[in-house]
Structures are given as structure tokens and as C-alpha cells.
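Just so it is clear, none of the values below were taken in a lab; they were calculated from the coordinates. Note that the structure is predicted; figures quoted are calculated from it, not measured. Every residue, glycine as well, gets a Cβ built from its backbone with ideal geometry; the counts of neighbours run over all protein chains shown.
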Amino acid sequence: MTLRPFLILPPIVLAVGVFVLMNRSGDAPQDMTEERALAVRVQTVAPQEITGTATGYGRAEAVRTWSAIAEVQGRVTYLPEDHAVGAIVEAGTELVRIDTTDYDLARQKAEANIAVVEAQMAELDQQEANSRAMLEVEERILDVAESEFARIESLFDRGTSSQSALDGARRTLLSQTVSVANLKNTISLYPSKRQSLEATMSLRRSEIAEAERAIEKATIRAPFRGRISATNTEAGQYVRSGDLLLSLDDVSAVEITAEVQPSEFGPMIALAFQGTLSPDESIDTTQAVKMLTRAGITAEVFMAQGGFEATWPADLVRTRGTLDADTGALGMVVRVKDPLVSVRPINRPPLNAGTFVGVRFSTGPRPGVIAIPRSAVRYDDDGAPFVYLADANNRLSLAPIEAGPVIGANVIVLNGLSGGESLLLSAPRPPVPGMKLAPLTEKALQDD
């Protein structure tokens, strides 16, 4: 029988005995391992003044464009030589003059026709007066004829007059009756004849008005101060009604349709209206510009030129109302007044139509806003946002928050933080609540 398998028993028994003695004596060696603190970057949460911004781009365009369309036909008799494309013209400046000879002749012809009608009306008035005077005479004659017929008829009844005398008196009475009736019929036609002449008079007067209007249209003047953007005619050229002669751009203001992404413009609006609108309140989007203005949103046009940024104050005018089909951008229309006025003290050059510029939209400063970096926001398994904090003992804790709009690299915290907390900017790995931390501020890192 071999004893080799039993040789392992003495070491085991010895080890068990040493363990028992150490536990009984209370002199067991203590665990000398210390808890190590994890270095993390922190930021002190503090209310601050936030200004939301959004930027869009577009081209400056004239606030209105006017086209001179020929309303009459004829040969161009006047066209200023210095009114080429790019020239500035004042309101009321004569731009084009068309020959009016044909319209002058038409007016003279209409005036002559009016004189003829006036003469006919005077003749008609005299004829009516003569007819009425004749009617009075014929009615007296009719009265005599009636009396004569009655007398002869009385004599005939008494047998003292012949049948031929009675018939003659009757013929005379009937003839005079017909004469009176004819005069009355003639007089009754005078009102319709006068109406006909008055209608002819109105027609002739309208011909004069038409000719005078054509003469007036033959001279085209600038309706406002503007810059000539196109010319399509020359002096001596024959133009027809409907021909485009020139185009004029208003220089009193320019408009820019800034293309802004809704993802950038929306948070700015949310910040502007934060706390002013209830969640269930309806908004009339047709009054969007008025609402944005009341909320303190302003616009500024800018352009980099010659190593500096030139800016122009702008007014919110309207929204395009639809999103761009290709980019999905929202069109915000702003207006710059007096774009050609250069302001030397602030190095503001003129803003010409066609210039590609940027438009910066800004909210009014909102004080007391809690804003933290977007990278510091975490989400649990249910998608609820929270942040890591370092408590007063530099231990890791979790704080659920209510996240608001995102402004640039920051997110607005609506609830969950009040200020003074130490926010972890870097996530500990692994994140164990209660673990010891060694907070490092951005200033301390920069000093190192």
C-alpha cells in the first residue's frame, strides 16, 4: 500500500489551522486598498442670458419692378439718351414719348362731329318751336272749321242749306283735323330725335376722351424713383400696343427671401415664445410676422466684404408660406430700406439688387435661462433625458430633466436644474451612482 495520496493532507490541515488562529486573535491584516476617485470634467450650472439665432441666405431683389408697356401704337419720338440700363431716374421723369399725330387728328375729327351734332340739336329745337306755334294756329283754324260745320249742319237740318254745302264743310273740318293731328305727331317725335342727337353727342365726346387718353398714354413717366433694368426700344422705332419698352426697379427698398432650415429656425421661435404660450393655445399662422415681431425677433442682413462684415437692419415682412421642394427650407422675407445709402462711419456699402447676402434672425435676450451642452444630456432606456451630477461629497448622482429647445450647441433645461449644480460633461465608465469623483473644471484644465 502506497502513502503518496495522503501526503497532501498535512499542508491542508496546517492552512486551516493558521486561518482559524488569525480570526480568533483579531490581529488579521487590514485591507489597505483605498477607493480611487474618477477624474471627470464638470461645469457649474448657472442661469444665463440666452439669445437665439438662426441664419438664412438669399439674394437681394427690388421691392417692386415696373414695366413700361406701350398702350398705344406709333413711332417713338423721344427717348432720353442718358437713360440707359443702370441709370437712376426720379419719379415723374419722362421716359418715352410716342408720336400722337393720329390721335390729334382723331380728336379734331370728334370735335368737328360734335359741332355738327350741336347744330342739329339747335335746328331741332327751332323746328319744335315752329311746330308748336303752327299747332296753335291750326287748332284755331280747326275751331273755326268746327263752328262752320255746326252752323251749316244746323241750316241743313232746317232746310235752308244744301247737302253739297254740308259735305264741303265736313271735308274742310276733316282736313283741318288731319293737319292738327300731323303737327301733334311731329311734335311727339322731337323728344326721340333729341335723344338720338344726345346719344350721338355722347359718342363724339367719348371719341374725344379716347383720343385725349391715347395722347396722354403716349407719354410714359416713371411712377417712382428707380433704376432702369432693361430697355427694348430706340428713338424712331415703331411700337405697337402691348410692346415692352423698358423695366424699372424701385430703389427705395430691397427684399431678401432668406432660406432657413426649420431645424434651426424652430428652436429660436420656441425660445422666443417660451413661457408666453400655453401648450393648448392655438396659433393663427397667417399672422406669423406680427407674432414674431411681438416676440422680439429681429432680422439683420450681413455680407462679408473686404475683410469685414457689412450689416443692414431689416424688417420682417412675410413668410413664403411653403417649404422649398428641394431643400425643405423655410422662406422668410425681410426688407432693407434705402439700400443704396452708404454709411461711411460704420463701413456700410450700398446693397444692390442681385447681391447674395445672409440674414441673421435673433431673439431678444432672455435672462435666467438654464442652458447646458447637448453632449451632457443622457437618455435612459425609456428615452427620458437626465444628466450626471457631482454632489456635495463629489459622488456621482443622476438628475432627470425636462429638455426644451436646442439653441446651437446648448439645450434649454425647463425643469430639473435650478443652478449651482456640478454638471458632468464627460460620462463616467461605468456610471455607478455613488462612485467617488475628482471634478475638473474647464479653467483648471486650461491652467494645466
Query - Label of the coordinate-derived value, log10 I(q)/I(0) by the Debye sum over Cα atoms at q = 0.06, 0.08, 0.11, 0.14 Å⁻¹, listed as (1) -0.65, -0.82, -1.07, -1.27; (2) -0.26, -0.47, -0.92, -1.46; (3) -0.40, -0.63, -0.96, -1.25 - result: (1)
Query raised in the report: What does the convex hull of the Cα atoms of segment 102-216 come to per residue, in Å³, rounded to a whole number?
Result: 79
Query raised in the report: If R0 is 51 Å, what FRET efficiency do you get for Glu153 and Leu124 from their C-beta distance, rounded to 0.05?
Result: 0.80
Requested in this report: Go through Leu330, Val387, Gln287 and say which Cα lies farthest out towards the positive end of the charge dipole of the chain; charges sit on Cβ, +1 for Lys and Arg, -1 for Asp and Glu.
Outcome: Val387
Requested in this report: Considering the options Thr172, Ser196, Gln120, tell which one lies farthest towards the positive end of the dipole of segment 102-216, charges being +1 on Lys and Arg and -1 on Asp and Glu at the Cβ, about the Cα centre.
Outcome: Thr172
Requested in this report: Just tell me which lysines come within less than 30 Å, Cα to Cα, of Lys290; anything on the same chain fewer than 8 places away is out.
Outcome: Lys337
Query raised in the report: Arranged from highest to lowest average of other beta-carbon atoms within 10 Å per residue, in what order do the peptides 314-322, 185-193, 53-61 appear?
Result: 53-61, 314-322, 185-193
Report summary line: Listed residues Gly364, Gly416, Gly168; largest mean-square fluctuation, Gaussian network over the chain with Cα springs below 10 Å, found at Gly168
Query raised in the report: Angle between the Cα long axis of helix 9-25 and the longest principal axis of the chain, 0 to 90 degrees, nearest 10?
Result: 70
Requested in this report: Please list 377-385, 137-145 highest first by mean number of surrounding beta-carbon atoms within 10 Å per residue.
Outcome: 137-145, 377-385
Query - Thr55 paired with Glu309, simple spin-label distance in nm, labels 7 Å along Cα-to-beta-carbon - result: 0.7
Report task. Please find the FRET efficiency linking Gln237 to Asn352, where r is the Cβ-Cβ separation and R0 is fixed at 35 Å, and quote it to the nearest 0.05. Result -> 0.75
**Report entry** Nearest 10 degrees, 0 to 90: helix 163-217 Cα axis against the chain principal axis
**Finding:** 30
Report summary line: The answer for Phe224, listing residues at least 5 apart or on another chain whose modeled amide H is closer than 5 Å to its amide H, is Gly92
Report summary line: Least to most buried among Ile50, Ile297, by other C-beta atoms within 10 Å and fewest first, runs Ile50, Ile297
**Report entry** Residue-averaged [θ]222 nm for the chain, counting only DSSP H segments that reach four residues, each worth -39500 (n - 2.57)
**Finding:** -12000 deg cm²/dmol
Requested in this report: Give me the number: length gained by fully extending Tyr379 to Asp102, i.e. 0.36 nm times residue separation minus the C-alpha to C-alpha distance, one decimal in nm.
Outcome: 91.3 nm
Requested in this report: On a 0 to 90° scale, report how tilted helix 101-158 is relative to the longest principal axis of the chain, with both axes built from alpha carbons and the result rounded to the nearest 10.
Outcome: 40
Report summary line: Of the candidates Leu351, Val42, Leu95, the farthest towards the positive dipole end of the chain (Lys/Arg Cβ +1, Asp/Glu Cβ -1, centred on the Cα centre) is Val42
Report task. At a Cα cut-off below 28 Å, give the lysines reachable from Lys184, other chains included and same-chain residues fewer than 8 away excluded. Result -> Lys193
Query raised in the report: So, how do all the Cα-to-Cα distances of segment 339-448 break down into 5 Å bins, in percent, from 0 on up?
Result: 2, 9, 15, 16, 14, 9, 6, 6, 6, 7, 5, 3, 1, 0
